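Participant: Supplied in structure tokens, the structure appears directly below.
What follows is calculated from the coordinates using simple rules that are stated; it is not laboratory data. Quantities reported herein were computed from a predicted structural model and do not represent experimental measurements. Please note: Cβ atoms are built from the backbone with ideal geometry, for glycine as well, and neighbour counts cover all protein chains shown.
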Amino acid sequence: MDSPVEIPYRSFIKIDRKSDTAIYMQVAHQLINAIQRGSLPLGTKLPGTRALSTILDVHRNTIVAVYDELFAQGWVESVPNKGTFIIGKNEEKPMKIGIFNKNSLRLYPQSTGFSFKTTNILDNPFEHSDCEYMFNDGVPDIRLTQIDQHSRIYSSILKRKKGQYKMLGHYNHDGSEFFKKNLANYLNLSRGLSVSKNNLLITRSTEMSIYIASEILLSEGDVVLVGDLSYFSVNMIFQKMGVKILSVPIDDEGLSVEGVREICKTQKIRMLYLTPHHHYPTTVTLSAQRRLELLSLANEYGFIILEDDYDYDFHYDKSPILPLASADTNGMVIYIGSFGKSLAPGFRTGFIVAPENLMKEMRKYLGIIDRQGDILMEQVLGEMIAEGEIHRYLKKSLKVYQERRDRFTELLNVHLGEYIKFRKPSGGLAVWVEWKVPINLMQLSRKCSYDNLFLPKTILYQNRGLTAMRLGYGHLSFEEMESSIKILAKNAKILIPIDKL
């Protein structure tokens, strides 16, 4: 074996004297790293503590601590009258240790040493940009959230002594009992449901809720119906499950009941996924008559209705139509939604409403993927409901979003009215815009980006018979709206042929 003095230790042991990690631990970790990667062969004799301390310019006691750590972890052994050696015998011919690249021991492998399944179904569809302005598919404005007030409730819960153990003791992996009780009351009052906390599962998001429901309710080869245009993330989940997805036409009254009925006559349908309050992405509301007809079809043909009520809280012109789940008496509807969507992102959560026998199975799955949950945040949300804070906040924010909707649609008419058609939505945070003259939306997106406006591909819908966009306005101030729409209009007019103007 080469003499230890020939090994260039300083080339692969780098000491950061500003780090919070003790120097002896830094050196020990880097020596272990070298052993694991074969850069220090088994059986190598290490320098004496005095010699290595000189090489690394540290105190000898530091190296003594390093060797003690290596010995305690089982990497080295001390041989009387001979020195300290790396444990193990290298059966191969000893390797001459050459010059180390200064980063050679810090590089993590670029690829695995084993094969695994890959999929492009779950490729991240979301894009990011540094543009000053952007449209999205309709999200709240976090600048409106009363983060200070929410934080005070959170902080007060952390400081409480009385009742802390009771709160912790009543928590299990499917959600805070306190929060579920208050959320059930909230849903019963606001959505016309008749559920208890035993019918609720608390999740992190709508997508997580749908994933759990799909794992339990769907099998490979099942037929799932979705709208002709539907939420891309949910479609990705269904595709990953290996189901057969069939689309149903959408018109001004929402999902076509006749379309569902015709498919039911020829195939066994396992599930119908829909967003009836404001269909995604077109924002149309499913009429009350069609809701009753769909429930009747579900009872007749035995398919599940997975109702995603992603933005029920955002309605302006009239009272919202109650969800299908409120009229379901045969247990055919699984109701999924989100709570606190108008709050800061960290204060939001998802939920599933279902009969107790299905809920029992769902809790098993949640116990695997999210056993700990977030007890403190759920306690905050529960108290916001119990104290009426969530009602006051929603009332205040809805007024702002209604004003933004009115201003946004006014600006669309002023700058693009002759090129587009749209209907002012009764709720939600987005407008569905269809172009009267087909233009290349990807080209439009690129041109707008040069003017500091980002149009992500997830809001663009284009095929042979449709050129449309889902333009979210909730996150924009009046000034940002005007700037964004002017940029959009300017570049759209460049792409529209002159003979079409």
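Participant: For a 21 Å ceiling on Cα separation, which of these pairs sit above it: K180/K240; K436/K486; K197/K268; K341/K396?
Facilitator: Pairs exceeding 21 Å: K180/K240; K197/K268.
Participant: Give the residues of the stretch 293-314 whose amide nitrogen is closer than 13 Å to a point set 7 Å from the Cα of A327 in the direction of its Cβ.
Facilitator: 293-299, by backbone N distance to the label point.
Participant: Now for a separate question. In the stretch 399-445, which trypsin sites (Lys or Arg not before Pro) are in a loop and have at most 15 other Cβ atoms within 10 Å, using DSSP for the loop call?
Facilitator: R423, K436
Participant: Continuing with this model, one more query. Given the Cα-Cα distance of H128 and S219 and 0.36 nm per residue of separation, how much length would full extension add, in nm?
Facilitator: 29.3 nm is the gain from fully extending H128 to S219.
Participant: Something else about it: Does anyone have the angle between helix 147-159 and the longest principal axis of the chain? Alpha-carbon axes, 0 to 90°, nearest 10?
Facilitator: 60
Participant: Measure nothing fancy, just the Cα-based angle from helix 288-301's long axis to the longest principal axis of the chain, in degrees from 0 to 90, nearest 10.
Facilitator: Between the helix axis and the principal axis of the chain, the angle is about 70 degrees.
Participant: What's the FRET efficiency of I121 with N452 using the Cβ-Cβ distance as r and R₀ = 35 Å, to the nearest 0.05?
Facilitator: It comes to 0.60.
Participant: Among the aspartates and glutamates, which have Cα under 13 Å from the Cα of K45 when same-chain residues fewer than 8 positions away are ignored?
Facilitator: Cα-Cα hits under 13 Å: D2, E6, E77.
Participant: Related question: On C-alpha positions alone, give me the angle between the axis of helix 257-266 and the longest principal axis of the chain, in degrees, nearest 10.
Facilitator: So the inclination is approximately 70 degrees.
Participant: Now a separate question. Loop-only check: which chymotrypsin sites (Phe, Trp or Tyr not before Pro) in the stretch 177-219 are DSSP coil with at most 10 other Cβ within 10 angstrom?
Facilitator: none
Participant: On the principal axes of its Cα set, how long, how wide and how thick is the chain? Give whole Å, largest value first.
Facilitator: Sorted largest first, the three principal extents are 93, 65, 52 Å.
Participant: Each label point is 7 Å from the Cα along the Cα-to-Cβ direction; what then is the distance between the points at K244 and N81, in nm?
Facilitator: Output for this residue pair reads 8.3 nm.
Participant: Hey, rough spin-label estimate for K421 and D68, points 7 angstrom out along Cα→Cβ, what's it come to in nanometres?
Facilitator: Spacing of the two 7 Å Cα→Cβ label points: 8.2 nm.
Participant: Modelled label-to-label distance, D148 and K436, 7 Å Cα→beta-carbon offset: nm?
Facilitator: Going from the D148 label point to the K436 one covers 4.9 nm.
Participant: At 0.36 nm per residue, minus the direct Cα-Cα distance, what do K265 and Q402 gain on full extension? Give it in nm, one decimal, please.
Facilitator: Contour length minus Cα-Cα distance gives 45.1 nm.
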